[in-house]
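Reviewing the structure listed below.
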Amino acid sequence: MHDPFEVVGVFFSIGLSALALYAGWIGVRWAHRKMEPGKLPEGEELDRIQERLARLEETEHRLAEVEERLDFTERMLAQSRPELLTPPAEGR
């Protein structure tokens, strides 16, 4: 007859091998899933993104215009009344 520990060892080896193969299979599936490209927005979601992008571009344009106006105002103030742009003295 066979030794009972021999039989247990064989079943243990088979079970461990099956577990390793299953873990490898799960690892391969996970790696393939990570390598797939993401889903691109479509339809209504794409329209909303394009609308937000257009609003953002318009806001950037308006901000640039406000910066130009602010620079112009600062130059005008500096030419007409330079004392307004200098900080007050501490002694006053």
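We did not get these values from a lab; they are worked out from the coordinates using the rules stated. Bear in mind that the values here come from a model prediction, so they are computed numbers and not experimental data. Positions of Cβ are backbone-derived with ideal geometry, glycine not excepted, and every protein chain shown enters the neighbour counts.
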Helix 43-80 versus the longest principal axis of the chain: what angle, 0 to 90°, nearest 10, using Cα atoms?
30
Would you calculate the separation in nanometres between label points at Thr73 and Ser17, each defined as 7 Å from the Cα along the Cα-to-beta-carbon direction?
8.2
Under a plain spin-label model, where a point goes 7 Å from the Cα along Cα-to-Cβ, how far apart in nm are Ala64 and Val8?
7.9
Taking the Cα centre of the chain as the origin and placing charges on Cβ (Lys, Arg +1; Asp, Glu -1), which of Ala23, Ala78, Leu53 is farthest toward the positive end of the dipole?
Ala23
How long are the semi-axes of the equivalent ellipsoid of segment 44-83, taking √(5λ) for every eigenvalue λ of the Cα gyration tensor, in whole Å from largest down?
38, 5, 4
Radius of gyration and Dmax over the Cα atoms of the chain, both given in Å:
36.2, 112
Once the Cα atoms of helix 4-35 and of the chain are each reduced to a long axis, what angle between those two axes, in degrees from 0 to 90 to the nearest 10, is obtained?
30
